[in-house]
Amino acid sequence: MVHEYPWLENVWRGLQASMAAQRLPGAVLLQSDADLGVEVLVDAFAAALLCKTYPDQACGFCHSCDLVKSNNHPDLHRILPEKEGKAIGVEQIRHCNRLAQESSQLGGYRLFIIEPAEAMNESASNALLKTLEESGEQCLFLLVNRDKKRLLPTIVSRCQQWTVTTPDLNAAVEWLRQQGVKDVAKDLLKLSHYSPLQAKAMAQAGGLAEYQKLEALFLSALTQPWGDITELVLFIQTSSQRNLTWLWYLLSDAHKSAFRLDSQDLLPGSQTLSHCPLIRLHSAMESLTQLMQQLRTFPGLNEELLITNWIIQIREALCL
């Protein structure tokens with residue numbers, strides 16, 4: 001599976017080399033942007049580390065590999081938030097710390113996967129730090145992380161660090177082409193935070209058509225100063241954070257187009273907006289950023305009213 005995602009290859013080869021040379025540290029920090037399929041890399045590493053046949057990859061047929069595939073390996077432990085969006089608590093880390101002091105049940109490595117590592121609260125982080133300072137032989141902690149700034153620097157400093165990076169635009173477009181997504185690959189990548197996997201899923205779900213409808217409604221609202229914006233507001237509310245983010249990308253591309261910046265992936269509607277004064281485009285982007293932050297922080301607010309007010313405000317400023 002790792003080989004299906006080319007952007008994982010460099011990190012995977014590095015981890016394989018460490019396993020083959022028997023030079024693994026006590027802790028590994030795997031840093032990745034969201035939606036890059038890093039879970040495939042984590043699973044491949046766990047299977048390879050615990051395999052009894054080969055030193056740097058899983059054979060797929062030994063007893064250990066069978067246990068990994070059935071999620072029953074006694075030396076493989078996954079530490080996750082007990083509920084989505086919640087923290088990883090100190091008791092969870094203390095429990096895995098106790099397990100780390102025990103012997104391997106199958107006579108090999110004991111692997112503790114903490115994901116996402118940034119979900120550990122302060123007490124949990126401090127508890128883990130003590131264990132990393134005193135980790136035993138053939139005991140490895142794999143911290144899977146999206147935001148290194150939220151980890152204690154002392155934890156980061158004790159880890160061997162690997163980073164999975166988002167592939168460049170041309171590589172991502174080529175991968176999508178191989179998956180059968182061709183003509184609109186660049187637009188899909190822009191709207192999917194440049195995640196090839198998310199772009200592919202968006203293509204399969206007809207997401208580009210949703211963006212095109214949003215863009216058409218938005219541009220129509222800006223060209224009709226007194227027109228009804230009810231349909232636009234209701235459409236935005238079907239997935240407010242996603243749709244507002246898409247509008248932010250559109251305004252950002254208009255800003256780039258107005259500066260005549262050479263970019264391969266400007267959204268089609270940005271050319272229409274690029275004729276607006278730069279200072280007003282910038283102001284619209286700032287107010288949209290504030291709106292999205294407000295809706296994320298205070299979910300109980302009147303979403304419809306806030307979105308309506310924002311559209312009226314920028315329509316007056318950007319009226320085409």
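The values are calculated or read from the model by the stated rules, or taken from the named source; none is laboratory data. Fair warning: this is a prediction, and the values are worked out from it, not measured in the lab. In this analysis, Cβ positions are derived from the backbone assuming ideal geometry, glycine residues included, and neighbour counts consider all displayed protein chains.
For Gln22, are the conditions met, namely being at pLDDT below 95 and in the same structural domain as Glu115 (by TED's automatic domain parsing)? When the stated conditions are applied, Gln22 passes them.
To keep it simple, each residue is scored yes or no on (1) at pLDDT 95 or above; (2) of a type in the set (Phe, Trp, Tyr).
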| residue | (1), (2) |
| --- | --- |
| Lys213 | yes, no |
| Ala216 | yes, no |
| Ser220 | no, no |
| Gly227 | no, no |
| Tyr249 | yes, yes |
| Leu261 | no, no |
| Leu266 | no, no |
| Thr289 | yes, no |
| Thr297 | no, no |
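Scanning the stretch 144-165 for residues that are of a type in the set (Lys, Arg), surrounded by 13 or more Cβ atoms within 10 Å (Cβ to Cβ) and not in a loop (DSSP other than H, G, I, E, B) yields a count of 2. The sole residue among Leu250, Leu273 that is touching an Asp or Glu at 6+ places or on another chain (Cβ under 7 Å) and either assigned by TED's automatic domain parsing to the domain that holds Gln212 or under 16 Å from Ser220 (Cβ atoms) (or both) is Leu250. Scanning the stretch 100-128 for residues that are surrounded by fewer than 15 Cβ atoms within 10 Å (Cβ to Cβ) and part of a helix (DSSP H, G or I) yields a count of 2.
Name every residue in the stretch 1-51 that is within 18 Å of His77 (Cα to Cα) and assigned to a strand (DSSP E or B), in order of residue number. Once the filter is applied, which keeps residues that are within 18 Å of His77 (Cα to Cα) and assigned to a strand (DSSP E or B), the stretch 1-51 yields Ala27, Val28, Leu29, Leu30. Among the residues of the stretch 69-87, some residue qualifies, meaning at least one is in a helix (DSSP H, G or I) and over 16 Å from Leu143 (Cβ atoms). Of all residues in the stretch 17-33, those being surrounded by 13 or more Cβ atoms within 10 Å (Cβ to Cβ) and out of contact with any helix residue (DSSP H, G or I) (no Cβ under 7 Å at 6 or more places or on another chain) number 5.
If you filter the stretch 228-249 down to residues that are touching a residue at least 60 places away in the same chain (Cβ under 8 Å) and of a type outside the set (A, V, I, L, M, F, W, C), you find that the one that is nearest to Leu267 (Cα to Cα) is Ser240. Filtering the stretch 281-320 to residues that are farther than 15 Å from Gln241 by Cα, among the charged types (D, E, K, R) and surrounded by 14 or more Cβ atoms within 10 Å (Cβ to Cβ) leaves only Arg315.
Within the stretch 140-186, the set of residues being more than 17 Å from Met202 (Cβ to Cβ) and among the acidic types (Asp, Glu) comprises Asp147, Asp168, Glu174.
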